[in-house]
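These notes concern the structure reproduced below.
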Amino acid sequence: MIKNKVVIVGTGMVGMSYAYSMLNQGTCEELVLIDIDKKRSEGEAIDLNHGLSFAPRKMKIYAGDYSDCKDAYLICITAGAIQTPEETRLDLLHKNTKIMKYIVEEIKKSGFKGILLIATNPVDIMTYIAWKLSGYDKNKVIGSGTTLDSSRLRYTLSEILDINLKDINAYVMGEHGDSQFVAWSYALCGVQPIYQIAAKKNTLITFEDLSKIEDEVRNIAYKIIDCKKSTYYGIGVALARITKAILENENSVLTVSSYLKGEYGHEDVYISVPSIVNKDGIREVIHLPLAENEKIKLDKSIEIMKENINKLNF
Ligand code: NAD
């Protein structure tokens, strides 16, 4: 395996926003672009290469095929149909299951032994399918999950509380979709629990605001889709963040979609919970004792994932 070699399968808006983030941040050394539309990935590779003289690191970027997967450290799958304004992420299920099946078979044939990162929606289910079909280790198949939603939450809280984004530690858990929820019982602004701030008089944030923020974070993708057809920059940076945590062996806590093996009382499902991410993929799923109402929401989210997986024939 070549450390720092990344392959992107699906060089559409999400894949290329991810590639562009990695180019700007110098996340990897070798970047291979694969798409069913080979002409598109070739054009994208040329375009990115023209920015290399301004990048922080030397990089080799080219359009390739599945034989290039063999010695990669990480493959990120961003291929798939996108959500239309009428569709939920779960509506994409059947279309993207077919695409995922084809891609995972090709990756397997290449002899790839690294880490598989999935962004295609509905991401928790696509990650389960990719894991099941690949036969790879559970910890080496990861979904981008609610990393993007947690980032949206942190941004919103930082704006309202007027506190540096980096000091907001708050997590969206559950499905990357309509059944997600905020783990408010673990949300911190610097050293202060956000619940404590909301309980004060004359505060910048009230309990009523918390549920509005949770709804806004859950539904903001629909607004972006209505305005500009799809979302890509946010997820592109989130994927680059997960990739950096893996390639640099960071042991960072991220709300990636992780396989549960009994944590939170569930198993055989991929769902977003805070997990420690390093060179081996998911080092550990953090099992938080959730507040009762949060645990009910997580159970519901998992139930929806399992119901949908059971409907599929893959
Ligand atoms: P897009 O239409 O711009 O790009 C999709 C690309 O996939 C196209 O280039 C297409 O040619 C390629 N493709 C299709 N089938 C393929 C196959 N079998 N093999 C290789 N390539 C194939 O779409 P997009 O905006 O980049 O979105 C891609 C996926 O990412 C969608 O499923 C979308 O819902 C999802 N997404 C996920 C998140 C997240 O947080 N996880 C956020 C936004 C979008």
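So the values come out like this:
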{"read-out": "Enumeration of residues in the range 1-25 that are part of a loop (DSSP other than H, G, I, E, B) and open to solvent by 10 Å² or more (accessible area, probe 1.4 Å)", "value": "M1, G12"}
{"read-out": "Flag if T11 is β-branched (V, I, T), within 11 Å of the ligand (Cβ to nearest atom), farther than 18 Å from I118 by Cβ and out of contact with any Cys (no Cβ under 8 Å at 6 or more places or on another chain)", "value": "no"}
{"read-out": "All positions within the range 90-112 that are within 9 Å of the ligand (Cβ to nearest atom) and at pLDDT below 95", "value": "L92, K95, N96, K98"}
{"read-out": "Test result for A45, surrounded by fewer than 22 Cβ atoms within 10 Å (Cβ to Cβ), under 17 Å from C69 (Cα atoms) and touching a Leu at 6+ places or on another chain (Cβ under 8 Å)", "value": "yes"}
{"read-out": "Failed criterion for I107 (all others in (1) in a helix (DSSP H, G or I); (2) within 13 Å of S257 (Cβ to Cβ) hold)", "value": "(2)"}
{"read-out": "Selected residue (criterion: farthest from the ligand (Cβ to nearest atom)) from residues of the range 113-126 that are in a loop (DSSP other than H, G, I, E, B) and surrounded by 24 or more Cβ atoms within 10 Å (Cβ to Cβ)", "value": "P122"}
{"read-out": "Members of the range 63-89 that are without any contact (Cβ under 8 Å) to a residue 24 or more places away in the chain and either more than 11 Å from the ligand (Cβ to nearest atom) or among the hydrophobic types (A, V, I, L, M, F, W, C) (or both)", "value": "A81, E86"}
{"read-out": "Residues that are polar (S, T, N, Q), within 14 Å of L312 (Cα to Cα) and touching a residue at least 40 places away in the same chain (Cβ under 8 Å), drawn from the range 90-143", "value": "T97, T127"}
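Matching residues to (1) at pLDDT below 95; (2) open to solvent by 40 Å² or more (accessible area, probe 1.4 Å); (3) of a type in the set (A, V, I, L, M); (4) within 16 Å of the ligand (Cβ to nearest atom):
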| site | (1), (2), (3), (4) |
| --- | --- |
| Y128 | no, no, no, yes |
| G135 | no, yes, no, no |
| D149 | no, no, no, yes |
| L161 | no, no, yes, no |
| F181 | no, no, no, no |
| C189 | no, no, no, no |
| Q196 | no, yes, no, no |
| T203 | yes, no, no, no |
| A238 | no, no, yes, yes |
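Yes/no per residue for (1) farther than 17 Å from I118 by Cβ; (2) open to solvent by 20 Å² or more (accessible area, probe 1.4 Å):
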{"site": "H266", "(1), (2)": "yes, yes"}
{"site": "N278", "(1), (2)": "yes, no"}
{"site": "G281", "(1), (2)": "no, no"}
{"site": "I286", "(1), (2)": "yes, yes"}
{"site": "A291", "(1), (2)": "yes, yes"}
{"site": "K297", "(1), (2)": "yes, yes"}
{"site": "I302", "(1), (2)": "yes, no"}
{"site": "K306", "(1), (2)": "yes, yes"}
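The values are calculated or read from the model by the stated rules, or taken from the named source; none is laboratory data. Since the structure is predicted, the reported quantities are computational estimates derived from the model, not experimental observations. Using ideal geometry, Cβ is built from the backbone for each residue, glycine included, and neighbour counts are taken over all protein chains shown. These accessible areas exclude ligands, DNA and RNA; they are computed on the full protein's heavy atoms, side chains included. Shrake-Rupley method; radii C 1.70, N 1.55, O 1.52, S 1.80 Å.
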